[in-house]
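First up is the structure itself, then whatever we jot down about it.
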Amino acid sequence: MLAMIAGVLLFGSSAVTGALKWFAIIGGVLLVIYAAFAFTLYLIRESAKSLHEAKSKGRTRI
């Protein structure tokens, strides 16, 4: 909190709120990328599990 107050005193409130806005935007983008990557890995894992199960049941065609 003290760093934010010092930042406002040194650079002005618009610079600090602008920086916070960009941190939020970058954090949101990284969160979306992480969610897409996690979902892709989930789909790959479920597909591999399904193919392994079908192979163990003797199915050779999908």
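The values are calculated or read from the model by the stated rules, or taken from the named source; none is laboratory data. All figures in this text were calculated on a predicted structure; none of them were measured in a lab. Please note: Cβ atoms are built from the backbone with ideal geometry, for glycine as well, and neighbour counts cover all protein chains shown. The protein model used for the area step is the full one, side chains on, heavy atoms only, and it has no ligands, DNA or RNA in it. Shrake-Rupley method; radii C 1.70, N 1.55, O 1.52, S 1.80 Å.
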Mind listing the phi-derived Karplus ³J(HN,Hα) values for region 23-34, rounded to whole Hz, using 6.51, -1.76 and 1.60 with θ = phi - 60°, and x for any glycine or proline?
4, 5, 5, 5, x, x, 5, 5, 5, 5, 4, 4
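If you roll a 1.4 Å probe over the heavy atoms of the protein chains, what accessible area per residue do you get for the chain, in Å²?
Averaged over the residues of the chain, the accessible area is 93 Å².
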Dipole of the chain, positive direction: furthest Cα of A35, S14, I25, with charges on the beta-carbon:
A35
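What 222 nm value per residue comes from the helices of the chain, counting each DSSP H run with n ≥ 4 as -39,500 (n - 2.57) and dividing by all residues, nearest 500 deg cm²/dmol?
The helix-only estimate for the chain comes to -31000 deg cm²/dmol at 222 nm.
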